Amino acid sequence: MAPAWPFAGLPAGWDALFGVVLAVIAGMFAWNLLLFVRGRRSTAAPPPASEEDVRSLTWVFLVPALNEEITIRDSVQRLLDLELPDRRVVVVDDDSDDETAAILADMNHPDLFVLRRTRPHARQGKAQALNHAYRALGEVCGDPDRDRVIVVIVDADGRLDPSAPLYAASHFRDPRVAGVQALVRIYNRRRPLTWLQDVEFSVYGQLFQAGRNDWGTAGMGGNGQFNRLSALDDIAEADGPWRDRLTEDQDLGLRLIAAGWRGRQDVRAVVEQQGPPTLRRLLDQRTRWSQGNLQAMGLAPAIRRAPLPLVARSELLAYLLMPFWQAVVGVGLASALFLAATGVAPFWHGGPTWQLALFYLLAFGGSILGCIASRAAAGPAGWASGFVIAHPYALYTWLLWPVLVRSAIRQLSDRREWSKTEREPLEPAGASRAIG
């Protein structure tokens, strides 16, 4: 006897809706499984790191700063402490009106360059601040071989690990590589909310990003991205390579890939940053990122024409459509809750055990794969902890689902204004690792 259709008996139309939702969820699980396998293969055999590669490159660290008196000294000093033979640290003070300028003036170092912007040209967004620094690189670096200059974006709360340039340099031996993204971690991860953000970044880097490495389609993030200067030149417009987008980093990475360059993720290279400590700040930040994702969907035609294998282009296009897939799943969950609350259909009708197991796998399988990937370096214990962590992490991802609605409303109403994410006071050294 053939197994019964799990949604049989629902009112007309509802069974079709849940059939579509089931197909989307199953497709997303298969997608995550593919990236999991590819990501484990990529991280198991990274390119060998070499001090010779580091010495052959010129390193320019760009730090955009607007009212960053809480974190700017800590972040910039860490960059100045890096043991690199050819290094510049360029801070773009975007007309701060707190103590940022005074703190930078007090940090007297021959490798530190502070570019001061003033209104009305200042405070026009992070992209414009980075483009200002890009146009000033001739004064900072002279006239080096632009293929050998690596421009590193570090946010004003960023803490770049001293070994990150070593690992990033190993990828730039390939002349086709335009950018390398470091693995982002959250250093104030003592609270449950910030700890879950740390898990989120690890899942993204170890699953989605690492899974794209062999295709060369790993994206760039705002913090800890290493970009080849000649690649930035290749996509630069009148103002520079960055466009005025809410996620200018994602836009940059996608345009580099569309232009034929390759992007890589290195999970050995780490950059730490602050996570919003309250739910309100987190939802504000993620709404801005979600709206940036909606803006990035406009790059789909360029990605479709990119010089990539069909499977790589298809995967990247599916990723660009992620807000759509998330919306479908969200509508399915809301519909199921509605039917259960109104007594039309129970949330679970006591079907065969295999159906319950299948739905569990589809509901939590993607989170389980991601969390296992984020802990796999620890061996069997890491796999076990990843399995356990996946369940609260899955609930956390649903907590963020409303940002999709809010960002869609903002995008449709053409609202783009945003205030910067507030920083919290720095914790004593070591306190951030209390949860792990």
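Conditions (1) surrounded by fewer than 22 Cβ atoms within 10 Å (Cβ to Cβ); (2) under 27 Å from Asp74 (Cα atoms); (3) free of Cβ contacts under 8 Å to residues at least 12 places away in the same chain; (4) not β-branched (Val, Ile, Thr), marked per residue:
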residue: Gly221; (1), (2), (3), (4): no, yes, no, yes
residue: Gln225; (1), (2), (3), (4): no, yes, no, yes
residue: Ile235; (1), (2), (3), (4): yes, no, no, no
residue: Ala259; (1), (2), (3), (4): yes, no, no, yes
residue: Val267; (1), (2), (3), (4): no, yes, no, no
residue: Pro276; (1), (2), (3), (4): yes, yes, no, yes
Could you tell me how many of the residues in the stretch 173-212 are surrounded by fewer than 24 Cβ atoms within 10 Å (Cβ to Cβ) and within 23 Å of Gly260 (Cβ to Cβ)? 6
Can you pull out the strands (runs of 3 or more DSSP E) entirely within the stretch 38-134 that have at least 3 residues that are free of Cβ contacts under 8 Å to residues at least 40 places away in the same chain and closer than 19 Å to Val154 by Cβ? 87-93, 112-116
In the stretch 50-71, anything surrounded by 19 or more Cβ atoms within 10 Å (Cβ to Cβ), among the charged types (D, E, K, R) and more than 25 Å from the chain's Cα centre (by Cα) is listed as Asp53
Scan the stretch 226-245 and tell me whether some residue there is farther than 26 Å from Cys371 by Cα, in a loop (DSSP other than H, G, I, E, B), in contact with a Gly (Cβ under 9 Å, 6 or more places away or on another chain) and modelled with pLDDT under 95. yes
I'm checking my understanding of the structure. Among residues of the stretch 312-335 that are over 18 Å from Tyr396 (Cα atoms) and aromatic (Phe, Trp, Tyr), which one is modelled with the highest pLDDT? Tyr319
Residue satisfying condition, being among the aliphatic types (A, V, I, L, M), touching a Leu at 6+ places or on another chain (Cβ under 7 Å), within 18 Å of Ala16 (Cα to Cα) and at pLDDT below 95, within set Ala340, Ala345: Ala345
Check on Gly370, of a type outside the set (A, V, I, L, M, F, W, C), on the phi < 0 side of the Ramachandran plot and within 20 Å of the chain's Cα centre (by Cα): yes
Would it be correct to say that Ala384 is of a type outside the set (Asp, Glu), out of contact with any helix residue (DSSP H, G or I) (no Cβ under 7 Å at 6 or more places or on another chain), surrounded by fewer than 14 Cβ atoms within 10 Å (Cβ to Cβ) and assigned to a helix (DSSP H, G or I)? yes
Selection from the stretch 312-340 of residues that are in a helix (DSSP H, G or I), touching a residue at least 12 places away in the same chain (Cβ under 8 Å) and either of a type in the set (Lys, Arg) or under 18 Å from Ala218 (Cα atoms) (or both): Ala312, Glu315, Leu316, Leu317, Ala318, Tyr319, Leu320, Met322
Only one of (1) free of Cβ contacts under 8 Å to residues at least 40 places away in the same chain; (2) in contact with a helix residue (DSSP H, G or I) (Cβ under 7 Å, 6 or more places away or on another chain) is not met by Arg159, so which one is it? (1)
Over the stretch 158-171, the set of residues surrounded by fewer than 24 Cβ atoms within 10 Å (Cβ to Cβ) and in a loop (DSSP other than H, G, I, E, B) is Asp161, Pro162, Ser163
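The values are calculated or read from the model by the stated rules, or taken from the named source; none is laboratory data. These numbers were taken from a predicted model, which means no experiment stands behind them. Note: ideal-geometry Cβ built from the backbone for every residue, glycine included; neighbour counts use all protein chains shown.
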